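Read-outs throughout are calculated quantities, based only on the coordinates presented, and are distinct from any laboratory measurement. It should be emphasised that the depicted structure is a prediction, and the values quoted were computed from it without experimental measurement. Reconstructed Cβ throughout: ideal geometry from the backbone, glycine too, with neighbour counts over all protein chains shown.
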C-alpha cells in the first residue's frame with residue numbers, strides 16, 4: 001500500500017553508545033570476547049528510572065578494515081545483525097563491537113549471514129554467566 005509506514009527495524013537512538021566516555025567505560029571495566037572477525041566488549045550498567053531497557057550498542061570499525069565504503073558496509077551489517085541477535089542480550093548491557101580487518105572479507109564473502117553468525121557466537125558467550 002502506498003503511503004503506509006513500515007515498522008522501523010532500527011535500533012533506537014537511546015540504545016546506542018555515542019559518547020567517548022561510554023566507550024571508554026566499556027573498554028576499561030567490561031569483559032571482552034573475541035573470534036577471528038570481531039571483538040565484543042560488554043559492561044553491565046545500572047538502569048536508571050525511566051531509562052529504556054534495551055542493550056546499548058557501540059561500533060568501532062577502523063581504517064584497517066578498509067576504505068569508507070567497506071567500513072560502512074561492515075557497520076551496516078553489524079547493526080542489522082544486532083537487531084536480529086540482540087534479543088539474546090540482557091537489557092542492562094552496554095556493548096562495543098570492534099571489527100577486525102578480517103570482518104570485511106567475511107562481509108564481502110558471506111554478507112549478513114556471516115556477520116550475524118560471528119556476532120551471535122560472541123553474544124552467546126556474553127549471555128553465559130561469569131565463572132566464579
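Worth pointing out:
- Here the contact order of segment 79-132, divided by its residue count and restricted to Cα pairs under 8 Å and six or more residues apart, works out to 55 percent.
- Result for the chain in a Gaussian network model with C-alpha springs under 10 Å: among 82, 33, 43, the largest mean-square fluctuation is at 33.
- Label-point separation in nm, residue 14 to residue 32, each point 7 Å along Cα→Cβ: 3.1
- Highest-fluctuation residue, 108, 49, 85 considered, GNM on the chain with Cα pairs under 10 Å: 49
- Rough spin-label spacing in nm, given labels placed 7 Å along Cα→Cβ, for residue 24 and residue 125: 2.7
- Each Cα pair under 8 Å and six or more residues apart adds its separation to the average, and for the chain the resulting relative contact order is 31 percent.
- The chain: calculated mean residue ellipticity at 222 nm from DSSP helix runs of at least 4, using -39500 (n - 2.57): -14000 deg cm²/dmol
- Each 5 Å bin, from zero up to the one with the longest distance, holds this percent of the alpha carbon pairs of the chain: 2, 10, 20, 23, 20, 13, 7, 4, 1, 0, 0, 0.
- Fluctuation leader among 53, 42, 103 - the chain, Gaussian network, Cα springs under 10 angstrom: 53
- Kirkwood Rh in Å, taken over all unlike Cα pairs in segment 76-132: 12.0
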